[in-house]
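S.K.: The structure follows.
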Amino acid sequence: MIIRYPYCDEKRHIDLNLDRILNVIKLFAAVIVGSFATGCTSVTVKPLDASYNVRRICIRENPKVSMEDFVPVIADGLRRHSIESEFIASTLDKARLQSEDIGKPDQYYMELTPAPDACDFNLTYTARRSWDLGTYLSTADISISDKKSVIANANYHLIGKGGLSLFKWQGVKTKIDPVMDDLLIFYKK
């Protein structure tokens, strides 16, 4: 459909194609919707330096994390890089801790399980789920420390909790495996 508008007093006309305008509007709307539909992922990693020569790590349980597949994915990542791991279970009441919110930051719970003296290197973690028609991993922190301080860490975070992206429902393994590989990049695979 073409509409003709007279331009000033001249006999020239401007052709205005409504179908073309509607297509531009549709394209613009698709770009806007698409920008909301793509959830961005932020991953920040300070890798474990090879000079530490880590062969064994104690994974200290975070009693606040209730994702059953999180620790096995971490242990598998360590194993892929030739690092043995030992799981140190928390002695705290996990059910009570998971159900209550005492206003402490997630990192507070990373340190609740004491490190045995036999562990030269410890891995602590926290992970949060979000809900949108089902639960999914939206943020995770992993720290490796020696007896003095944190020597490596990684953070995984879905910006805006994943927005409308369908990738937010990917499993823990799909999300955390690359993070573990980046964290342990200096250790053979």
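The values are calculated or read from the model by the stated rules, or taken from the named source; none is laboratory data. Model, not experiment: these values are computed from the prediction. Backbone-built Cβ (ideal geometry, glycine too); neighbour counts: all protein chains shown.
S.K.: Taking the criterion of being modelled with pLDDT under 70, assigned to a loop (DSSP other than H, G, I, E, B) and within 22 Å of the chain's Cα centre (by Cα), would at least one residue in region 29-43 satisfy it?
M.R.: To start, the set of residues in region 29-43 that are modelled with pLDDT under 70 comprises 29-39.
Filter again for assigned to a loop (DSSP other than H, G, I, E, B), leaving 38-39.
Remaining after also requiring within 22 Å of the chain's Cα centre (by Cα): 38-39.
Yes: one or more hits.
S.K.: Given the conditions (1) touching a Ser or Thr at 6+ places or on another chain (Cβ under 8 Å); (2) of a type in the set (S, T, N, Q); (3) under 19 Å from Val172 (Cα atoms), report the number of the one that Thr44 does not fulfil.
M.R.: (1)
S.K.: Let me ask something additional. Could you check Ala75 against (1) surrounded by 20 or more Cβ atoms within 10 Å (Cβ to Cβ); (2) closer than 16 Å to Lys188 by Cα and say which number it fails?
M.R.: The one condition Ala75 does not meet is (1).
S.K.: Sort out which residues of region 60-101 are in a loop (DSSP other than H, G, I, E, B), among the hydroxyl-bearing types (Ser, Thr, Tyr) and modelled with pLDDT of 90 or more, and write them in order of number.
M.R.: Initial filter on region 60-101 (in a loop (DSSP other than H, G, I, E, B)): 61-69, 81-83, 89-93, 100-101.
Applying the additional criterion that residues be among the hydroxyl-bearing types (Ser, Thr, Tyr) yields 66, 82, 90-91.
Passing the criteria: only Ser82.
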